[in-house]
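Student: First, the structure itself, so that you have it in front of you.
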Amino acid sequence: MLQGALAGLAAGGLYAVLGVCLTLMSRLVRVVNFAQAATGMFGTYVAVWLVSDAGLPIWPAVAVGVVIGGSISALIGIIIGTWLPEADTGSRSAVTVAVLLFLISLSFILFGNRPQPFRPVLSGPAFQVSGVVISQVAIFTVVVAVLVALSAHVVLTKTSVGIRLRALSERPTTAELVGIPARTLSVAVWATTGAVGTLVVAIVAPTQSNDATALSMLVVPAAAAALLGGFRRLDLAVVGGLVLGVLQGAAAQLSQLSVARHFLPFLFIVGLLVWSQRKEVWDAAR
């Protein structure tokens, strides 16, 4: 079971990175980006095509895929910033649901509806501890999750850009009136989170169910991770992603729970929502 739990760190790191991206999007541009994983999926599919059909080496292909994922995400940000600048979070987030469905459909048209021939970008064990193997992919995703969260925290609290981003998130109209380039900053947030999401999806995809729908739906466990921090705290998004990945990995080793592991993100979300509303529920029960 310990081996399975540690194997789940690779997926947990992916959930953590995407959860941090969702948290940043929610805090800074008032969007729950349901297309976060889908943009990563599409950029990764382009990278796979460049390797398998165009003969490009794996790392340059991944770099192109990351640029495409970031560009798609930036384009969504431009559209929302242009036509829905003052809309509420729900309306802005609804646009990303349409993008999610569009990218899945477009991937079927361009690449077919079968899983793609992913080549591992990282493979093999990083090291062993008492016979328990920890993979390079697991180490990479966990390190990236921690670095992204720490970097975002430092930028938001210690730099002038961070101050502008916080002003943009709290008072977007006022921020623009005082000369803060609101649209430029918001598009930069979209592009950065899209690029980071694409990179980790490309790294982890060979170890996952790599059809377009499955990769796009990785946004569900990522949202569960972000929900642990209320879509506000980056550290709890990292913890939530890692815990969820470890639990899924451990459950996969038990025949009685191997199917139930697919429902863990849903149960995680429901449990967190019930817990967050516990005071209201208990008051009503009285």
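Student: Quick one: Kirkwood hydrodynamic radius for the range 68-125, alpha-carbon pairs, angstrom, one decimal? Mind dumping the intermediate values first?
Tutor: Details: mean 1/r = 0.0721 Å⁻¹.
By the Kirkwood definition, the hydrodynamic radius is 13.9 Å.
Student: Please list, ordered by chain and number, the residues whose modelled amide H lies under 5 Å from the amide H of V133; skip anything fewer than 5 residues away on the same chain.
Tutor: none
Student: Go through the range 234-247 residue by residue and turn each phi into a ³J(HN,Hα) via Karplus (6.51, -1.76, 1.60, θ = phi - 60°); whole Hz please, and just put x for glycine and proline.
Tutor: With coefficients 6.51, -1.76 and 1.60, one gets 6, 5, 6, 5, 5, 4, x, x, 5, 4, 5, x, 5, 4 Hz.
Student: Here is a further query. Using a 10 angstrom cutoff on alpha carbons, build the Gaussian network for the chain and name the most mobile of A63, A35, A226.
Tutor: Judging by the Gaussian network model, the answer is A63.
Student: Over all pairs of distinct alpha carbons, what does the Kirkwood formula give as the hydrodynamic radius of the chain, in Å?
Tutor: Details: mean 1/r = 0.0515 Å⁻¹.
19.4 Å is the Kirkwood radius here.
Student: To continue, here is another question. Evaluate the charge dipole of the chain about its Cα centre and quote only its size in Debye, nearest 20, assuming +1 on the Cβ of each Lys and Arg and -1 on the Cβ of each Asp and Glu.
Tutor: Values: 16 positive and 9 negative charges, 88 e Å.
Dipole about the Cα centre, nearest 20: 420 debye.
Student: Considering all projection directions equally, how large on average is the shadow of the alpha-carbon convex hull of the range 1-120, in square nanometres? Walk me through the numbers before you get to the answer.
Tutor: Numbers: hull surface 35.9 nm².
Projected over every direction and averaged, the Cα hull of the range 1-120 covers 9.0 nm².
Student: Next question. Suppose only helical runs count, i.e. DSSP H with n ≥ 4. What mean residue ellipticity at 222 nm does that imply for the chain under -39500 (n - 2.57) per run, divided by all residues and rounded to the nearest 500 deg cm²/dmol? If you can, show how the numbers build up before the last one.
Tutor: Working: 13 runs with 212 residues, N = 286.
That comes out to -24500 deg cm²/dmol.
Student: Here is a follow-up. Could you put V201, V142, V64 in order, starting from the residue whose Cβ has the fewest other Cβ atoms within 10 Å? Before the final figure, lay out each step's value.
Tutor: Details: V201 31, V142 22, V64 17.
By the 10 Å Cβ count, ascending: V64, V142, V201.
Student: Set the Förster distance to 25 Å, then compute FRET efficiency between I109 and V270 from the Cβ-Cβ distance, nearest 0.05. Don't skip to the end; give the middle numbers.
Tutor: Details: r = 35 Å, r/R0 = 1.39.
Between I109 and V270 the formula returns 0.10.
Student: How big is the range 77-162 on each of its three principal axes, counting only the C-alpha atoms and giving the largest first in Å?
Tutor: The principal-axis extents, from largest down, are 55, 46, 18 Å.
Student: Here is a follow-up. Quote to one decimal, in nm, the extra length available between F102 and S209 on full extension: 0.36 nm per residue of separation minus the C-alpha distance between them. All intermediate terms of the calculation are to be shown ahead of the outcome.
Tutor: Numbers: separation 107, 0.36 × 107 = 38.52 nm, distance 2.00 nm.
Full-extension gain reported as 36.5 nm.
Student: Using Cα springs under 10 Å in a Gaussian network model of the chain, which residue among T193, T39, T96 shows the largest mean-square fluctuation?
Tutor: Ranking T193, T39, T96 by mean-square fluctuation puts T96 first.
Student: Could you tell me the distance between the Cα centroids of the range 195-256 and the range 105-146, to the nearest Å?
Tutor: That distance is 12 Å.
Student: Here's another thing I want to ask about it. Hey, rough spin-label estimate for H262 and L56, points 7 angstrom out along Cα→Cβ, what's it come to in nanometres?
Tutor: Going by the 7 Å Cα→Cβ label model, 3.3 nm.
Read-outs throughout are calculated quantities, based only on the coordinates presented, and are distinct from any laboratory measurement. Quick caveat: nothing in here was measured; it's all calculated off a predicted structure. Please note: Cβ atoms are built from the backbone with ideal geometry, for glycine as well, and neighbour counts cover all protein chains shown.
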